[in-house]
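Working notes, beginning with the structure itself.
None of the figures in this text is laboratory data; all of them are computed from the coordinates on show. Keep in mind that what you see is a predicted model, and the values were worked out from it rather than measured. FYI the Cβ positions are ideal-geometry reconstructions off the backbone, even for glycines, and counts take in every protein chain you see.
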Amino acid sequence: MSFGAWDIALIAVVTAQVALVAYLHRPLWKALVLTLPFPFTMASLALGRRVDATNVLGLLLLLGMVNTVRWLHYRVRLGIIPSIGIGVAANMLAAVGLAPLVPASDAAFYVSAAAVAAISGLIFLITPVPDEPGHRTPLPVHVKVPGVAAMVTGLVLLKALLLGFMTTFPMVTTFALYEARHSLRTVCRQMAGFVLAFMPMVMICRLAHPAIGLSPALLLGWTVFLSIWIPRAIRSRVAHDGSRQPAPLAQADSSEHPAA
């Protein structure tokens, strides 16, 4: 087990991101902040290894985890904490089991990338835009932060087992799902959209790392990701706000008093 400067940075950044998600009120902003790839960046630097198929398949496990929690909590009526516990446990077992089996070849990477992009695109297209209530955690920072830091520290100690799955393990998502328990449909849809926007960043990191190094490759990936994600986030906010506007007066009158 090794523990370096990037591991400490990972713990600090993830803890800060979880706190920000917890104290935001609007579901849309919670989901958007949740999907910023700070954990992927810091975990990649902590691992120091080239992006491969395990990083990509970790995104599929992430999608599975958030949708499993939503299904358990909304459909099965299981409490949010056991729902998250089941989702995290399944993600961890799958990651540890798959990590030594997934080849690091280009073929495995691109096949995995195509499959994950297709699945996330389908989820995003078939999921309607939800209108869910906001929520802001009542817990003080000094209660929440130690729990987040403890979980991320445990993941850092397991990084040799998780390999690339560690970069997309639901570090922030685990806590954010509890805070967003009243708006899980929003989180699931945003997560699918995030995976689509995130795939170019993963590919750039894979291709550019041998030529320019890991840190510059991640910086280049961030540039591409933000150029895709920011315009989409703006459109999502405009569409969401527009869908909540009341009907025009003339339209309302015509619906209430139809012509004879």
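Structure summary
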{"quantity": "Burial ordering of 106, 52, fewest other beta-carbon atoms within 10 Å first", "calculated": "106, 52"}
{"quantity": "Cβ crowding within 10 Å averaged over residues, with 72-80, 84-92, 204-212, 165-173 ranked highest first", "calculated": "165-173, 84-92, 204-212, 72-80"}
{"quantity": "Computed FRET value (nearest 0.05) for residue 90 with residue 118, which takes r as the C-beta separation and R₀ as 30 Å", "calculated": "0.85"}
